[in-house]
Amino acid sequence: MSISENCIAIKKSLPRHVALVAVSKTKSVAEIMQAYDAGQRVFGENKVQEMEGKWQEMPKDIEWHMIGHVQRNKVKYMAPFVSLIHAVDSERLLKEINKQAKKNDRVINCLLQIKIAKEDSKFGMSEAAAKTLITSEAFQNYKNVSVVGLMGMATFTENEEQVRSEFKELKRIFDDFRSIQKKLTIVSMGMSGDYTIAIEEGSNMVRVGSAIFGARNTI
Ligand SMILES: *Cc1c(COP(=O)(O)O)cnc(C)c1O
C-alpha cells in the first residue's frame, strides 16, 4: 500500500478519541506530503533541526510534535512553532522551554516522559520525580509552558504481556496525576508495533511511523 493508503487505513482503524501523530523522521518532504494530501496534519520528528527544516518548507497548517529526547541548547530552534513536546524528562529542560517560549510570546504544550520500560536505554522521569515536579511551587511559575499530559515508551520486546503491563502502569500514573492536575488530558503511548495494545490500555495519542511510511531511511 502507498503512504496515503496506509495513513487513511490507520486513521480509520483508530477510535475517535485517539489522536494520530504520523512519525515522519528521516522521511522526505515529498513522502510527508503524501500523508498530508491524505488529510494528515500532525507529524512527529525526533531531531530539532530536521523538524525546523521541514517546518520551513511545508504547509503552515501542519502541527509539529517533537517526540524525541531534546537537548536544552536546541529548544530555541523549535520554540517559534512546535505544537507539542512529548519527551520532557527534567525540570531543567522544562525551564528552558519556558524561557524560549516566553521569548516567542507563546505557551508551549509539553508532556512529561515517564520511564516505564525495564530497559536502561529509555529516557524518562520516575513517577516520584514527575509528581514532585508537578506539585512544586516552581512549576506553578512556569507561565509559558503547559504540561498537558504524559508520554511513555514500552520495552522493545516480543513479550506482549510485558508491553501491556508497562502501558497499564503509565495509565495508572496518568489517572493518579490527573486527580491532582486537571490540565493533564493526553496520554501518549503506542508506536507501530504496539499501538493497538496501548489503545486497549487507555492511550489517547499514538505515534506511528513505519506502519505509515515504511521502514526508516537511514541518514
Ligand atoms: C520513531 C519513534 C516512534 C515511531 O516508531 P515506529 O515504530 O516507526 O512507529 C514513536 N515514538 C518515538 C519516541 C520515536 O522515536
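List of remarks:
- Every residue from the stretch 195-219 that is away from the ligand (no atom under 11 Å from the Cβ) and outside any helix (DSSP H, G or I): Glu201, Gly202, Ser203, Asn204, Asn217, Thr218, Ile219
- Subset tally (residues that are closer than 23 Å to Ser210 by Cβ, in contact (Cβ under 8 Å) with a residue 24 or more places away in the chain and not β-branched (Val, Ile, Thr)) for the stretch 53-78: 7
- Looking at the stretch 16-91, the strands (runs of 3 or more DSSP E) lying wholly inside it that each contain 1 or more residues that are open to solvent by 20 Å² or more (accessible area, probe 1.4 Å) and touching a Ser or Thr at 6+ places or on another chain (Cβ under 6 Å) sit at 63-66.
- Residue that is nearest to Lys95 (Cα to Cα) [pool: residues in the stretch 139-194 that are surrounded by fewer than 22 Cβ atoms within 10 Å (Cβ to Cβ) and within 13 Å of the ligand (Cβ to nearest atom)]: Met191
- For the stretch 12-33, residues that are within 14 Å of the ligand (Cβ to nearest atom) and under 13 Å from Val208 (Cβ atoms) total 9.
- Residue satisfying condition, being acidic (Asp, Glu) and within 29 Å of Asn159 (Cβ to Cβ), within set Asp61, Asp89, Asp37, Asp105: Asp89
- Scanning the stretch 124-155 for residues that are closer than 21 Å to Lys99 by Cα and among the small types (Gly, Ala, Ser) yields Ala130, Ser136, Ala138, Ser146, Gly149.
- Residue within the stretch 87-94 that is more than 16 Å from the ligand (Cβ to nearest atom), over 24 Å from Ala198 (Cβ atoms) and among the basic types (Lys, Arg) present: yes
- Residue under evaluation Phe81, criteria (1) farther than 21 Å from Ala129 by Cβ; (2) touching a residue at least 60 places away in the same chain (Cβ under 8 Å), criterion not met: (2)
- Unmet requirement for Lys95, which otherwise passes all of (1) touching a residue at least 40 places away in the same chain (Cβ under 8 Å); (2) within 26 Å of Arg172 (Cβ to Cβ): (2)
- A single entry from Asn141, Asn109 fulfils the requirement of being within 25 Å of Val206 (Cβ to Cβ) and polar (S, T, N, Q): Asn109.
The values are calculated or read from the model by the stated rules, or taken from the named source; none is laboratory data. Everything quoted here is computed from the prediction, not taken from an experiment. All Cβ positions, glycine included, derive from the backbone under ideal geometry; neighbour counts span all protein chains shown. For the accessible areas, the whole protein counts, side chains as well, though only heavy atoms, and no ligand, DNA or RNA atoms are used. Shrake-Rupley method; radii C 1.70, N 1.55, O 1.52, S 1.80 Å.
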